[in-house]
Amino acid sequence: MLNVTSDTPSIRSIAIIGSGLAGLTAGILLGRKGHHVRVFEKSRGPGGRMSSKRVSGSSADIGAQYFTVRHPEFLAFLKAYAGADNFAPWQGRFGFQGDDKQWQAFPEETRYVGVPRMTAITRALSEHVPVTAQVRIAKLERVGEQWRLICTEGNDHGSYDQVIITAPPAQARDLLEASGLNELAGGLGHSEDSILACWAVAAHFEEAPSDDFDAMRPDSDVLYWVANNSSKPERNDQGQWWVLHATPEWTQAHVEEPAEKVSEQLLAAFYELTGYQGAATDAVAHRWLYARSVQQEQPGYLLEPGLGVGLAGDWLNGGRVEGAWESATRLVEALG
Ligand SMILES: Cc1cc2nc3c(=O)[nH]c(=O)nc-3n(C[C@H](O)[C@H](O)[C@H](O)COP(=O)(O)OP(=O)(O)OC[C@H]3O[C@@H](n4cnc5c(N)ncnc54)[C@H](O)[C@@H]3O)c2cc1C
């Protein structure tokens, strides 16, 4: 039990922008230190790119497919705050196709997923920190020693001693520029170009369209990744839901295309890949404008201590689920 009161001088009010894994991690760790924390999220619920889409009779993980754990502290954090029941290893058969078109198995590694869907993890984490959803923060205004948060509707969402931004780089940059924090925005360099877009399609099949692998990285100009979402633990689907991700290059070339056309084209590539003769009974497409980070520089996090503004997120630390957690953890340590 923390023995702190709001009179304790080191106790601060901290706003966190974004409720993906980085934002929720920062919120939980700062709350544990006794700070007054509030997370703001522009979408309807928490999760960010660890997202699942509702599909008829089920849900499908259309963002992060799985995550690995290199730091035992990450696993300990998830067990403590997401709960051991909300994630589990995915015992799927994973294959990739080399340049010679031959298939090989992925290296042995434990790959975790949320159960019964990826968002189970961030939903559970969000119970430990207050989250205000459906509020897009447009700018920060300096008021004395604090930052006032203003949303796109022009409403005032309170004043805070410190602000942590966990939005992807292009969105973080817009926010910093709108707040007059041009130096910090300039420090992001061209990082807004370093998260690639991705078209994702969730498709339903009455029967298994492929028996070789549960998840595949094909050598394809169109498909980057295909996976049998129903092979993940505790899905209990009727038939099978598959998730198809387009390559960054294909996505970029078709970024403005209507979702139905994208579904048709990704499915055609999938049928060619698997030799499946049937047809999907349902398909929904989702466009990620910011999906995978290919950022070269990896400072871990960014912090302007004099201003009390920090940035965390996967794109500052390896571009993956565990990287988002580590980035937030390191920023919280640096904030003291
Ligand atoms: C298609 C795809 C496949 C992937 N596959 C894998 C994988 O297999 N393994 C893996 O480890 N990683 C994978 N990733 C990457 C992984 O999802 C991310 O690394 C991780 O989820 C990033 O977490 P984050 O908190 O840094 O950012 P996000 O999850 O992007 O969170 C940022 C949040 O900020 C919110 N936000 C932005 N601007 C504002 C604003 N102005 N006001 C309020 N809220 C705002 C956003 O809505 C979002 O919820 C994948 C990602 C995608 C999209």
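The values are calculated or read from the model by the stated rules, or taken from the named source; none is laboratory data. Values in this document were obtained by computation on a predicted structure and should not be read as measured data. Backbone-built Cβ (ideal geometry, glycine too); neighbour counts: all protein chains shown.
Quick notes on this structure:
- Residues of the stretch 279-295 satisfying the condition of being in a loop (DSSP other than H, G, I, E, B) and within 12 Å of the ligand (Cβ to nearest atom): VAL294, GLN295
- Highlighted here are the strands (runs of 3 or more DSSP E) found entirely within the stretch 146-208 that include at least 3 residues which are within 14 Å of the ligand (Cβ to nearest atom) and not assigned by TED's automatic domain parsing to the domain that holds VAL39: 195-205.
- Residue satisfying all of: in the stretch 251-276; among the β-branched types (Val, Ile, Thr) and buried (at least 16 other Cβ atoms within 10 Å of the Cβ); nearest to TYR290 (Cα to Cα) among these: THR251
- Residue within the stretch 86-95 that is free of Cβ contacts under 8 Å to residues at least 60 places away in the same chain, within 15 Å of the ligand (Cβ to nearest atom) and either touching a Lys or Arg at 6+ places or on another chain (Cβ under 7 Å) or under 23 Å from ASP237 (Cβ atoms) (or both) present: yes
- The residue list SER51, SER43 contains one member that is near the ligand (Cβ under 9 Å from one of its atoms), modelled with pLDDT under 95 and not aromatic (Phe, Trp, Tyr), which is SER51.
- So LEU266, is it touching a helix residue (DSSP H, G or I) at 6+ places or on another chain (Cβ under 8 Å), within 25 Å of ARG93 (Cα to Cα) and hydrophobic (A, V, I, L, M, F, W, C): no
- Hits in the stretch 6-35 - residues which are in contact with a helix residue (DSSP H, G or I) (Cβ under 9 Å, 6 or more places away or on another chain) and part of a strand (DSSP E or B): ILE14, ILE16, ILE17
- Matching entry among PHE96, PHE77 (being at pLDDT 95 or above, part of a strand (DSSP E or B) and of a type in the set (Phe, Trp, Tyr)): PHE96
- Meets criteria (in contact with a Phe, Trp or Tyr (Cβ under 9 Å, 6 or more places away or on another chain) and over 18 Å from ALA328 (Cβ atoms)) for LEU140: yes
- Considering the conditions (1) part of a strand (DSSP E or B); (2) at pLDDT below 95, PRO299 is excluded by exactly one of them, (1).
- ARG12 vs. criteria in contact with a Ser or Thr (Cβ under 6 Å, 6 or more places away or on another chain), surrounded by 17 or more Cβ atoms within 10 Å (Cβ to Cβ) and modelled with pLDDT of 95 or more: no
- GLU257 vs. criteria in contact with a Pro (Cβ under 7 Å, 6 or more places away or on another chain), of a type outside the set (Val, Ile, Thr) and in the same structural domain as PHE205 (by TED's automatic domain parsing): no
- Any hit, the stretch 45-53, residues being over 19 Å from the mean Cα position of the chain (by Cα) and either under 27 Å from TRP225 (Cα atoms) or surrounded by 15 or more Cβ atoms within 10 Å (Cβ to Cβ) (or both): no
Okay, residues lined up against (1) more than 18 Å from the chain's Cα centre (by Cα); (2) surrounded by fewer than 16 Cβ atoms within 10 Å (Cβ to Cβ):
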| residue | (1), (2) |
| --- | --- |
| ALA82 | no, no |
| GLN91 | yes, yes |
| PHE96 | yes, no |
| GLN104 | yes, yes |
| GLU109 | yes, yes |
| ARG117 | no, no |
| ILE121 | no, no |
| ALA138 | yes, no |
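- When the stretch 260-279 is filtered for residues that are of a type in the set (A, V, I, L, M, F, W, C) and either touching a Ser or Thr at 6+ places or on another chain (Cβ under 8 Å) or not assigned by TED's automatic domain parsing to the domain that holds GLN102 (or both), the ones remaining, listed by number, are ALA269, LEU273.
- ALA269 in contact with a Leu (Cβ under 9 Å, 6 or more places away or on another chain) and outside any helix (DSSP H, G or I): no
- Hey, GLY187 touching a Leu at 6+ places or on another chain (Cβ under 7 Å) and closer than 22 Å to GLY23 by Cβ or not: yes
- Qualifying positions in the stretch 195-239 - surrounded by fewer than 22 Cβ atoms within 10 Å (Cβ to Cβ) and in contact with a Pro (Cβ under 7 Å, 6 or more places away or on another chain): LEU196, ALA197, GLU234, ARG235
- Of all the residues in the stretch 145-170, those that are buried (at least 21 other Cβ atoms within 10 Å of the Cβ) and closer than 28 Å to VAL321 by Cβ number 10.
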